[in-house]
Amino acid sequence: MTGDTSPITESDLLAYADGLLDDDRRIEIERHLADNPVLAEDVGHWRRQNETLRELYGHVARETVPARLSAHRMAHRVKAETNRNWRMAAAAVLLVTAGAVSGWFGRDMMAAGSLADRSMISEALAAHNLYTREVLHPVEVRGDQEAHLAAWLSKRLDRPLVIPDLRDEGLTLVGGRLLPANGGAAAQFMYEDDGGRRVTLYVVPTQNGKETSLRYVAAGALESFAWTEATLSCALVGDLPKERLQEIAVRAYRQLS
């Protein structure tokens, strides 16, 4: 049988990374990637990102969908509300449109960086969501063991790490942990203010990284500022106003750089 010889698009590459292609198309993609090592590296990043997300959130996919999220119930409720009041339906359309526009601009922010940047920021957001909700075990090493934490993570990332002191910003170091990242290692430092709100700093090693200024990304209720310097890429994540998080990011940036 002759394989599918239609042009290979980014959608095809994403489907390949997600394991959604039939055998014929998969073989075509693999031949194409063999001739295009840069694309092959990008696809490898996507696959490793998928693996990280599965490791962090795989259990959620196995949970039973709550009854309130039933597609039938949601469709019935929307129909009832539309029939009852067309103005509410019009407002819903405006909200959906606003959300779509916001999402599109968020996409542009993410696209402004390299694929590695996008992968790093996605992992930082996922790790923040997972661990800031923990009450008993939010970190592996507590903040009162800061010297040990810095030495341990410096060794694991093969980079000398300085843990930013953010006390002038009203943030106390909760501690940190080691995380997987694109087949390597990442560090996450967690801070907390007097109100119990938490901010995390996600750090991964880079090879001859190109220095960048702060890059802003919004994802739902979370805000993030990311940057890269010679040996590290970092993402500060928090559920804080953009201006407030930027002040914290600048202080961390200066100490790490």
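Screening LEU173, LEU222, LEU179, LEU166 for residues that are in contact with an Asp or Glu (Cβ under 9 Å, 6 or more places away or on another chain) and more than 30 Å from VAL43 (Cβ to Cβ) leaves exactly one candidate, LEU173. In the set ARG254, ARG197, only one residue is without any contact (Cβ under 8 Å) to a residue 40 or more places away in the chain, of a type outside the set (Val, Ile, Thr) and surrounded by fewer than 17 Cβ atoms within 10 Å (Cβ to Cβ); that residue is ARG254.
Scanning region 182-194 for residues that are out of contact with any Lys or Arg (no Cβ under 7 Å at 6 or more places or on another chain), under 17 Å from ARG118 (Cβ atoms) and open to solvent by 10 Å² or more (accessible area, probe 1.4 Å) yields a single hit, GLY184. Confirm whether VAL135 is at pLDDT below 90 and over 14 Å from the mean Cα position of the chain (by Cα). Spelling it out, VAL135 is indeed at pLDDT below 90 and over 14 Å from the mean Cα position of the chain (by Cα).
Filtering region 133-173 to residues that are touching a strand residue (DSSP E or B) at 6+ places or on another chain (Cβ under 8 Å) and among the small types (Gly, Ala, Ser) leaves only GLY143. In region 26-54, the residues that are touching a residue at least 60 places away in the same chain (Cβ under 8 Å) form no Cβ pair under 7 Å with any partner that is surrounded by 16 or more Cβ atoms within 10 Å (Cβ to Cβ) and of a type in the set (Phe, Trp, Tyr), whether six or more places apart or across chains. Applying the criterion of being open to solvent by 70 Å² or more (accessible area, probe 1.4 Å) and among the charged types (D, E, K, R) to the residues of region 207-251, the residue that is nearest to LEU166 (Cα to Cα) is ARG251.
The values are calculated or read from the model by the stated rules, or taken from the named source; none is laboratory data. As the structure is a prediction and not an experimental result, all values here were calculated from the model. Glycine gets a Cβ as well: all are built from the backbone with ideal geometry, and neighbour counts include every protein chain shown. Heads up: the accessible areas ignore ligands, DNA and RNA and are worked out on the full protein's heavy atoms, side chains in. Shrake-Rupley method; radii C 1.70, N 1.55, O 1.52, S 1.80 Å.
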